[in-house]
Amino acid sequence: MEDMLNFEGETGPYVQYTHARACSILRNAPSPVTDHIQGLTDEGSWEIVKLLAAFPNIIQNAYEYLDPSLIAKYLIDVSQAFNSYYAHTKVLTEDEQLHSRLALVYATTVVLKEGLRLLGIHAPEEM
């Protein structure tokens, strides 16, 4: 039971916590979130962009192979990439890339929330 409720590692609460953390960033944003991710050239950003772009294929494969664990593993990968990005990037720094970073965070929350929903798991905005 302790392993299942752990906020670290490959667990549901880890993904939920990542979603809540990303929502917290958006709540603290100094400006509104846009939907344009442009100008982000760091490796961490592009790792997340590539993962988020794979979401439709992950859903399709999970459906075709009747294997929801594909979605669960994917959400872990997205969470790990986002947490690594967050650890190395000051997302809320007011500069020319702020809107793009916020859009990336928002896109991450959308994918995590929908992936958790597909698995029947609530995506809290606060923890």
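Throughout, read-outs are computed from the coordinates displayed, never taken from laboratory work. Given the structure is predicted, the values throughout are model-derived calculations rather than measurements. Neighbour counts are summed over all protein chains in view; Cβ atoms, including those assigned to glycine, are modelled from backbone coordinates with ideal geometry.
For Val91, indicate whether it is touching a residue at least 12 places away in the same chain (Cβ under 8 Å), crowded, with 17+ Cβ neighbours inside 10 Å and assigned to a loop (DSSP other than H, G, I, E, B).
Spelling it out, Val91 is indeed touching a residue at least 12 places away in the same chain (Cβ under 8 Å), crowded, with 17+ Cβ neighbours inside 10 Å and assigned to a loop (DSSP other than H, G, I, E, B).
Of the residues in the stretch 15-23, at least one is of a type in the set (A, V, I, L, M), over 21 Å from His99 (Cβ atoms) and under 11 Å from the mean Cα position of the chain (by Cα).
Counting the residues of the stretch 107-127 that are in contact (Cβ under 8 Å) with a residue 40 or more places away in the chain and either under 8 Å from the mean Cα position of the chain (by Cα) or part of a loop (DSSP other than H, G, I, E, B) (or both) gives 13.
Evaluated against (1) surrounded by 11 or more Cβ atoms within 10 Å (Cβ to Cβ); (2) more than 22 Å from Thr11 (Cα to Cα); (3) of a type outside the set (A, V, I, L, M), Thr108 falls short on exactly one condition, (2).
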